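Q: My structure is below; once you've seen it, I'll send some questions.
The values are calculated or read from the model by the stated rules, or taken from the named source; none is laboratory data. Treat the numbers as computed from the prediction; the structure is a model and nothing was measured. Here the Cβ positions follow ideal geometry from the backbone for every residue, glycine too, while neighbour counts run over all protein chains shown. Just the protein is used for accessible areas: all its heavy atoms, side chains included, with ligands, DNA and RNA removed. Shrake-Rupley method; radii C 1.70, N 1.55, O 1.52, S 1.80 Å.
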Amino acid sequence: MKRILLTATLALGLVAPGWPSRAEVRGVLVYSGMCDASAGVAVDVDRFLVANDEDNVLRLFSRSRPGGPLATVDLSPYLALKKRSAETDLEGAARIGDRVYWITSHGRNAAGKAAPSRHRFIATQILATPGTIGLQPVGRPYENLVDDLNRDARYAPWA
């Protein structure tokens, strides 16, 4: 867990606006509160959001204050899940302006069975001020990416 999250933090440090152009490691930073960090984005020069592929919760951390999250956001109510405890398997994130796009695995479960809850592409809006941060879902979760790609003739060679 620690190594995965530290790696995500260093990678964010290389691309975040206002951060040094070179990564400077001054010691090991330990972040807690999740076991399998799978995606992250910089919010500002100090704070970053991290997804965990074991739950539907985004966690806000601070580079200057390692430890537990400053805040958490449970996306479950927004994800339009059929089962209350369904895992979406958040796996990736990309930030464009103040909008963050999150994608789930689009894979099957460990037993190889279809897992519709893992077919989500969502967007959130960062509402950041110097002292606070808010995160607001945008639109509705998109659930048909695999089906739409399968119907597109350009991707037939990979179907």
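Q: Do we find a residue being modelled with pLDDT under 90, part of a strand (DSSP E or B), on the phi < 0 side of the Ramachandran plot and touching a strand residue (DSSP E or B) at 6+ places or on another chain (Cβ under 9 Å) anywhere in the stretch 84-105?
A: No, the stretch 84-105 has no match at all.
Q: Quick one: how many residues across the stretch 124-135 are within 14 Å of the chain's Cα centre (by Cα) and surrounded by fewer than 17 Cβ atoms within 10 Å (Cβ to Cβ)?
A: Residues in the stretch 124-135 being within 14 Å of the chain's Cα centre (by Cα) and surrounded by fewer than 17 Cβ atoms within 10 Å (Cβ to Cβ): 1 in total.
Rundown of residues vs (1) touching a helix residue (DSSP H, G or I) at 6+ places or on another chain (Cβ under 8 Å); (2) open to solvent by 50 Å² or more (accessible area, probe 1.4 Å); (3) touching a residue at least 60 places away in the same chain (Cβ under 8 Å); (4) of a type in the set (V, I, T), yes/no style:
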residue: D46; (1), (2), (3), (4): no, no, no, no
residue: V50; (1), (2), (3), (4): yes, no, no, yes
residue: L75; (1), (2), (3), (4): no, no, yes, no
residue: K82; (1), (2), (3), (4): yes, yes, no, no
residue: R95; (1), (2), (3), (4): no, yes, no, no
residue: A110; (1), (2), (3), (4): no, yes, no, no
